[in-house]
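The values are calculated or read from the model by the stated rules, or taken from the named source; none is laboratory data. The structure displayed is predicted, hence computed values, not measured ones. Using ideal geometry, Cβ is built from the backbone for each residue, glycine included, and neighbour counts are taken over all protein chains shown.
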Amino acid sequence: MRGMEQNLRTPGPTPIPDAVRDAQAQQMIDHRGTEFAELLRETSAGLAELIGTQHEVMLLTGSGTGALEAAVVNTLSPGDRVLVVTIGSFGDRFAQIATAFGASVERFEVEWGQAADPAALREHLASTEPYGAVLVTHNETSTGVANPLRELAEVVRAAPGDPLLIVDGISGLGAMPFEMDAWGVDLVVSASQKAWMASPGIAIAAIGERARAAGETARMPRYYWDFAEARSWAGKGQTPWTPAIAVLYGLRVGVGRLREEGRERTWARHAAIASAVVAGIEALSLRPVAPPAHRSGTVTAAWLPDGFEWGAFNARMRERGLVIAGGQGKWSGKILRFGHMGDVGIDEMSDAVRLMGESLAEFGMPADGSSAADAVRRAFESTAASVR
Ligand SMILES: Cc1ncc(COP(=O)(O)O)c(C=O)c1O
């Protein structure tokens, strides 16, 4: 990749392919013209295919959090009973947004580092008054844990009161198996800087029929994020407000590349890389946070050794050109997080693990960067057959 000054392994933004960078550097166009209409149409249609939906996909200018807010305010009314399934800091954020707009929020809280258990959720839903909506994070970026979304969706679909299922798919969509229509997801959001391989700036919302219908009676206040307004302009191939045109240029290329690769192959590539990263982390004598059955395909979190000084370690890795993320909220200083989504291959990952190992060794840890990098490659090779 051109101009890779650093190995950027945060869980978003992610390094973007040269073709995306070139696309994003193009001259501006009129966002009320035919060229833009085609850009919007092609990108939304490609995303719909990748997300597994026949329904509308809206492209809104903003970050993922904006899309979470849009999902809430376009489907709910103040006072609505809402259940937020939270397994980490992004689930907590979803709850905070719904609370800020006046929903009556209950939390189905799961210990950080674990996934939500479908049977426990079923039991909870059967034991209380019906909810208007259930909000779930697909891939909890703060802990590196993937929820069993297909099973959770099945439980929500069968719940009393037929609540809407609204999903934060921000850091999993595109990279991990996801079938919006087949699983019965009513609304899912994502953002351009994740597996889609573009810069930050475009929020993605796929809106099913039931979510769209809920919008007709939803009374939460909204203006910038009003889906009905966006829908009325989308019909003309436009957005209501001036869009992040450059990011859309990039997103079109990122989406095109994923379509060319094919969903199953993209998912298999991410799964193979994720297990290779876990092998590398374990070879460095670090312990992954997520239980094996619920490991994320896009971000791996590992415990820092007891008493280890994250700040100094992180600074040393950055001097070596490796940029990873630390823990969030109550896990700040306790874990490290390693992103592997989008334009990611095994070379960058084994290199990153080597650099991490060399830095760990400098801090007196029993880690050998080179042999851990070999472990990454070996683990990848053993699963790569399914990727080719
Ligand atoms: C699962 C999840 N939800 C929400 C967000 C927030 O997205 P943004 O930072 O684009 O607002 C992120 C970003 O990392 C995320 O991973």
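Failed condition for A158, given (1) among the small types (G, A, S); (2) surrounded by fewer than 24 Cβ atoms within 10 Å (Cβ to Cβ); (3) farther than 17 Å from V57 by Cβ; (4) touching a strand residue (DSSP E or B) at 6+ places or on another chain (Cβ under 8 Å), with all others met? It is condition (4) that A158 fails. One residue stands out in region 61-75 among those that are closer than 16 Å to P240 by Cβ and of a type in the set (A, V, I, L, M, F, W, C): the one that is nearest to the ligand (Cβ to nearest atom), namely A67.
Residue pairs whose Cβ atoms lie under 8 Å apart, separated by 6 or more positions or on different chains, with the first residue in region 83-96 and closer than 15 Å to E69 by Cα and the second among the polar types (S, T, N, Q) and not in a loop (DSSP other than H, G, I, E, B), are F90/T137; G91/T137; D92/T86; R93/T65; F94/T86; F94/T137; A95/T86. Residues in region 80-101 that are under 24 Å from E209 (Cβ atoms) and either surrounded by fewer than 22 Cβ atoms within 10 Å (Cβ to Cβ) or within 16 Å of the ligand (Cβ to nearest atom) (or both): R81, V84, V85, F94, I97, A98, F101. Residue under question is T34, and the condition is that it be in the same structural domain as G235 (by TED's automatic domain parsing), within 16 Å of the ligand (Cβ to nearest atom) and β-branched (V, I, T); does it hold? No: the conditions fail for T34.
Looking across region 304-337, just one residue is aromatic (F, W, Y) and within 21 Å of the chain's Cα centre (by Cα), and that is W331. Within region 102-131, count every residue that is buried (at least 18 other Cβ atoms within 10 Å of the Cβ) and in contact with a helix residue (DSSP H, G or I) (Cβ under 8 Å, 6 or more places away or on another chain). Residues that pass the stated criteria total 10. Against the definition (among the aliphatic types (A, V, I, L, M), out of contact with any Asp or Glu (no Cβ under 7 Å at 6 or more places or on another chain) and closer than 28 Å to T34 by Cα), how does I204 come out, yes or no? So I204 fits the description; yes. Of the residues making up region 336-373, those that are farther than 30 Å from L251 by Cβ and not in a helix (DSSP H, G or I) are F363, G364, M365, P366, A367, D368.
Checking each residue in region 311-329 for being in contact with a helix residue (DSSP H, G or I) (Cβ under 6 Å, 6 or more places away or on another chain) and in a strand (DSSP E or B) picks out L322, G326. Return yes when L50 is in the same structural domain as G254 (by TED's automatic domain parsing) and more than 16 Å from the ligand (Cβ to nearest atom) and no when it is not. Judged against the criteria, L50 is a match.
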